[in-house]
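In what follows, a single structure is set out as C-alpha cells and then discussed.
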Amino acid sequence: MKLSRRNALLAGASLPFAAATPTLLSAAGHSATSMPTHRDFTLGDFKVTTLLVGSRSVEGPQNIFGMNVDAETFAEVSAANFLSTDAAQFFFTPTVVNTGTDVILFDTGLNAEGTTKALTAAGYAASDITHVVLTHMHGDHIGGLTDADGAETFAGAAYVAGQVEFDAWAKQENEGFEGKVRPLAEKMTFLDAGQDVRSGVTAVEAFGHTPGHMGYMLESGGSQLLLMADTANHYVWSVGYPEWEVKFDMDKAAAAATRKKIMDMASADRFPLIGYHMPFPGMGFIETRGEGGYRYVPHSYQLI
C-alpha cells in the first residue's frame, strides 16, 4: 500500500502517547515533569550558565504589556505570533559567569532556596560565588540575597550594584530594599556605566525599567554577549514592539528608548542577549523587522 502523508500522520497518531512523546529531562538527567533548572553556554574562555529559578503563568497579559495599544492591535500581534491573550508565562533567570578565576552571579532570584537549588543542579555551591552583581533592585532580583532567617546566602562573595540604582532606591521607603540590600551596603562596590566588574564584564547603561537599571556586556575570545536583565521582558510584546508600554517600567519613555537602543546594537553587531524573563534558557539573537520593530531568534546551538 502506498503510504500517503495523511496515512503516515494517522499511523503516528495511533501510537501509544508515551511512545510518541519525548521525555523531558531534569538537570540530573532523570525523567521529570518540571522544566530543567540550568543551561550551559560557552563564550570564548567564559562558561555562562542560565538558571531557571521560577516560572509562572499570569493572566491578562495586556494589563502588563502593550498598555498603550488597543486590544485589537494586541490581539492581532499575539495571534500572528501564536500567543494567547489570556495568559503569559513568566520566567526568572539569574546567570552565572565563570571566567576561570571568578564565579559571578547576576541577580539572585525570588528567594534563596530556589536559586541555591538551581546552582546546585548546575554544579555550584553558594560558597563558590565570588561576586554577586545586582542589575537592579526589584524583588525578583534581590530576593535570594538572604534566606528566610535573614542570613546571607552568598556570605563569601563581593557585592556589586549600579551607583545610580542604589542611590535611587535608598531614597525610597521600600521593604524589599531595606530588608535585603541596605544591610549589605557596606560590603558593596558601586559602578557606573563603562566600568568593569572584572576583566571582560562591563556595565552598560539601560535606564528606564528602574532609575539605574544596568546590563552587562561579556567579552571573551573575541565574542560578545549582553546580559540585558529586564530591558525587555517579553520576546514579542517587548522585543518586537519596543514602544509598547510595560507596567513594571518605572520610566516608560526611557525604558522604550533603552529597548530600541539595545535592540539596534544587538541586531547591528549580531551578538546574543540573555534576558531575565525571556523563555528559558533565556538566550537569543535580534533581527530587525520592518521599520522600528525587531524579532527575537531563540538560541539553538550557537554557543554550545
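The values are calculated or read from the model by the stated rules, or taken from the named source; none is laboratory data. Keep in mind that what you see is a predicted model, and the values were worked out from it rather than measured. Backbone-built Cβ (ideal geometry, glycine too); neighbour counts: all protein chains shown.
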- Residues located in segment 126-142, provided they are in contact with a Lys or Arg (Cβ under 8 Å, 6 or more places away or on another chain) and buried (at least 22 other Cβ atoms within 10 Å of the Cβ): I142
- Looking only at segment 144-177, count how many residues are under 22 Å from A193 (Cα atoms), among the small types (G, A, S) and not in a loop (DSSP other than H, G, I, E, B). 5
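How many residues, within segment 126-135, are farther than 30 Å from D167 by Cβ and either free of Cβ contacts under 8 Å to residues at least 12 places away in the same chain or assigned to a loop (DSSP other than H, G, I, E, B) (or both)? Let's see the steps before the verdict.
Initially, segment 126-135 is screened for residues farther than 30 Å from D167 by Cβ, giving 127-128.
Narrowing further to those that are either free of Cβ contacts under 8 Å to residues at least 12 places away in the same chain or assigned to a loop (DSSP other than H, G, I, E, B) (or both): none.
The number of residues fulfilling the criteria is 0.
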- Item | Given (1) under 25 Å from S55 (Cα atoms); (2) of a type outside the set (F, W, Y); (3) out of contact with any helix residue (DSSP H, G or I) (no Cβ under 8 Å at 6 or more places or on another chain), number of the condition S267 does not satisfy | (1)
- Item | Only listed residue being of a type in the set (V, I, T), surrounded by fewer than 14 Cβ atoms within 10 Å (Cβ to Cβ) and at pLDDT 95 or above, chosen from V58, V48 | V58
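Every residue, every condition in (1) among the basic types (K, R); (2) touching a Cys at 6+ places or on another chain (Cβ under 9 Å); (3) under 19 Å from Y276 (Cβ atoms), yes or no:
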| position | (1), (2), (3) |
| --- | --- |
| K187 | yes, no, no |
| D192 | no, no, no |
| E205 | no, no, yes |
| G208 | no, no, yes |
| G222 | no, no, no |
| V236 | no, no, yes |
| V239 | no, no, yes |
| M250 | no, no, yes |
- Message: For segment 104-125, which positions are surrounded by 20 or more Cβ atoms within 10 Å (Cβ to Cβ) and either at pLDDT below 95 or not in a loop (DSSP other than H, G, I, E, B) (or both)?
- Response: I104, L105, F106, A112, G114, T115, T116, A118, L119
- Message: Between a residue in segment 55-84 that is over 25 Å from D251 (Cα atoms) and in contact (Cβ under 8 Å) with a residue 12 or more places away in the chain and any residue that is surrounded by 13 or more Cβ atoms within 10 Å (Cβ to Cβ) and of a type in the set (V, I, T), which pairs come within a Cβ distance under 6 Å, given they are 6 or more apart or on different chains?
- Response: N81/V236
- Query: If a residue has to be buried (at least 19 other Cβ atoms within 10 Å of the Cβ), out of contact with any strand residue (DSSP E or B) (no Cβ under 7 Å at 6 or more places or on another chain) and of a type outside the set (A, V, I, L, M, F, W, C) to count, how many in segment 143-178 make the cut?
  - Reply: 2
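Please find, within segment 66-103, the residue that is nearest to G139 (Cα to Cα) out of those that are touching a Pro at 6+ places or on another chain (Cβ under 7 Å) and crowded, with 20+ Cβ neighbours inside 10 Å.
So the first thing to find is which residues in segment 66-103 are touching a Pro at 6+ places or on another chain (Cβ under 7 Å), and the list is 85, 87-88, 91.
Okay, now just the ones that are also crowded, with 20+ Cβ neighbours inside 10 Å, so 88, 91.
Values: A88: 19, F91: 14 Å.
Among them, the one singled out is F91.
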- Output the residues belonging to segment 178-205 that are at positive phi and touching a residue at least 24 places away in the same chain (Cβ under 8 Å). G200
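Just checking, how many residues over segment 224-270 are on the phi > 0 side of the Ramachandran plot and in contact with a Pro (Cβ under 6 Å, 6 or more places away or on another chain)? Can you show your working first?
From segment 224-270, those on the phi > 0 side of the Ramachandran plot are 229, 270; that's our starting set.
The next check asks that each one be in contact with a Pro (Cβ under 6 Å, 6 or more places away or on another chain); those that pass are none.
Qualifying residue count, segment 224-270: 0.
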